[in-house]
Amino acid sequence: MPKIKVLVVDDSAFMRKVITDIINSSPDMEVVGRARDGLNALAQIHSLNPDVITLDIEMPVMDGLEALDRIMKEHPLPVVMLSSLTKDGTEQTVKALQLGAVDFIPKPSGQISLDITQISEEIIRKIQIAAGTRKKLQNLYRGTDITPGRNSTPIDKWPLDPAAVLKKIVLIGTSTGGPKALHQVIPSLPRTLGAGILIVQHMPPGFTKSLAERLDGMSQVKVKEAEQGEIIVPGCAYIAPGDYHLTVAPQINHGEKQLLIALNQLPPRGGHRPSVNVMLESVAQHFWGQMVCVIMTGMGNDGAGGLTLIKERGGRTIAEDQSTSIVYGMPKAAVETGRVDRVVVLNKIGAEITTMLQ
């Protein structure tokens, strides 16, 4: 079987060398080229025809974001970003995922991470996953404009009412490819939706806040990172913080039922914290109203078990169609339960949620 061909792009000669050694240590992949900046990378892509590109964000001449934009428009390939944990780094990483990067790897100790060998297994695993998306990416992106939409004026949001009665809830679970998918689904939801929205996106600590802030800037509903003990209200989407399970807890206030965010750091479920199944199981146990559950692109089967419980409680269920799922793992597992009501392409999911809640 042919080896996975990788192009390593980083402005640090040390990082290029170490990342190359990590990749070449895996018997099923090899580094076919190394580039010091985005412009140098673009010049090599056509001649090397790599299967995957690892791309640093902060580089001179042409940075990672500009290079990624060019790659996805001119020669769509799976790209795995390497990013720092600074505020700027997390914001740029979320933008890269919106532009079409398959995944990202946080550098453990800054731009030049002398200890990057500590995450060798993660680098190899994510490159292997990314390589499997090449054909799908080329089908989805070739000939399309993938520039993120920008709003010239702030979106007029309705003020949130903490006393509003919560009668409807939308539950979304996703993983690899999820940030870009969320950038299509959440902005398509109307501010009249009248539902609280809970989201689990598999992401490490530090990145979910930037994801929430970016989504909030382009959506009619309010989007925020979930906080312990806050009341879930209609018109607001809550994203589980990295490394925390998102569960819910009911309370009675002046005779009305309310639902609170309850975060915890119990052991990971299926290797994930946050876990989609943990969120869905908690809502199935504690929520009393109308529910819609959506499972989108991602590796593995997180969410399939919880979706079954939501369906048993009378909820409606949606899985993303294979044709638009960057990784058809989680939606496939959901469909295989036999409890999915609708299989929907990505750009129709927001409308389907709205219809199901009417």
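The values are calculated or read from the model by the stated rules, or taken from the named source; none is laboratory data. On a predicted model such as this, the values are computed, not experimentally measured, just so you know. Every residue, glycine as well, gets a Cβ built from its backbone with ideal geometry; the counts of neighbours run over all protein chains shown. Accessible surface areas use protein heavy atoms only, side chains included; no ligands, DNA or RNA. Shrake-Rupley method; radii C 1.70, N 1.55, O 1.52, S 1.80 Å.
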Legend entry - Qualifying positions in region 321-358 - in contact with a Ser or Thr (Cβ under 6 Å, 6 or more places away or on another chain), under 25 Å from R191 (Cα atoms) and outside any helix (DSSP H, G or I): D341, V345
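Take V32 and decide whether it is under 25 Å from the mean Cα position of the chain (by Cα) and under 19 Å from L137 (Cβ atoms). Break it down into steps so the answer makes sense when it comes.
Numbers: under 25 Å from the mean Cα position of the chain (by Cα): no; under 19 Å from L137 (Cβ atoms): yes.
Judged against the criteria, V32 is not a match.
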Legend entry - Long-range neighbours under 7 Å by Cβ, at least six apart or interchain, first residue free of Cβ contacts under 8 Å to residues at least 40 places away in the same chain within region 116-131, second open to solvent by less than 30 Å² (accessible area, probe 1.4 Å): I119/I105; E122/I105
Legend entry - Sole exception among (1) modelled with pLDDT of 95 or more; (2) farther than 19 Å from R273 by Cα for E227, by number: (2)
Inset, instruction - Could you please tell me which pairs satisfy a Cβ distance under 6 Å, a separation of 6+ or placement on different chains, a first residue in region 11-39 that is under 21 Å from M1 (Cα atoms), and a second residue that is open to solvent by 20 Å² or more (accessible area, probe 1.4 Å) and of a type in the set (S, T, Y)? - result: I22/S120
Inset, instruction - Please indicate, with yes or no, whether at least one residue in region 109-117 is open to solvent by 30 Å² or more (accessible area, probe 1.4 Å), modelled with pLDDT under 95, among the acidic types (D, E) and not in a loop (DSSP other than H, G, I, E, B). - result: no
Inset, instruction - Having 3 or more residues that are farther than 16 Å from Q201 by Cβ, out of contact with any Ser or Thr (no Cβ under 9 Å at 6 or more places or on another chain) and without any contact (Cβ under 8 Å) to a residue 40 or more places away in the chain is the bar; report the strands (runs of 3 or more DSSP E) wholly within region 237-307 that clear it. - result: 245-253
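One line per residue, one yes/no per condition, for (1) within 27 Å of A130 (Cβ to Cβ); (2) open to solvent by less than 60 Å² (accessible area, probe 1.4 Å); (3) more than 16 Å from the chain's Cα centre (by Cα):
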| position | (1), (2), (3) |
| --- | --- |
| S275 | yes, yes, no |
| M291 | no, yes, yes |
| I295 | yes, yes, no |
| A319 | yes, yes, no |
| T324 | yes, yes, no |
| M330 | yes, yes, no |
| E336 | yes, no, yes |
| L346 | yes, yes, no |
| Q358 | no, no, yes |
Legend entry - Which numbered condition D216 misses (of (1) touching a residue at least 12 places away in the same chain (Cβ under 8 Å); (2) under 18 Å from the mean Cα position of the chain (by Cα)): (1)
Legend entry - Criterion: among the hydrophobic types (A, V, I, L, M, F, W, C), at pLDDT 95 or above, open to solvent by 30 Å² or more (accessible area, probe 1.4 Å) and under 20 Å from K168 (Cα atoms) - qualifying residue of A262, A249, A237: A249
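Is it the case that N151 is open to solvent by 60 Å² or more (accessible area, probe 1.4 Å), at pLDDT below 90 and closer than 15 Å to L77 by Cβ? Outline the logic, then answer.
On the way: open to solvent by 60 Å² or more (accessible area, probe 1.4 Å): yes; at pLDDT below 90: yes; closer than 15 Å to L77 by Cβ: no.
For N151, the condition - open to solvent by 60 Å² or more (accessible area, probe 1.4 Å), at pLDDT below 90 and closer than 15 Å to L77 by Cβ - is not met.
Take residues that are surrounded by 18 or more Cβ atoms within 10 Å (Cβ to Cβ) and of a type in the set (V, I, T) and tell me which of the helices (runs of 4 or more DSSP H) falling wholly in region 1-101 contain 3 or more. So that I can check it myself, show each step before the final result.
On the way: elements: 13-24, 38-48, 64-74, 87-99.
Filter on region 1-101 gives 13-24, 87-99.
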Legend entry - For S188: the one exception among (1) open to solvent by 40 Å² or more (accessible area, probe 1.4 Å); (2) in contact with an Asp or Glu (Cβ under 9 Å, 6 or more places away or on another chain); (3) at pLDDT 95 or above: (2)
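Among the residues of region 215-229, how many are within 22 Å of T354 (Cβ to Cβ) and charged (D, E, K, R)?
Result for region 215-229: 3.
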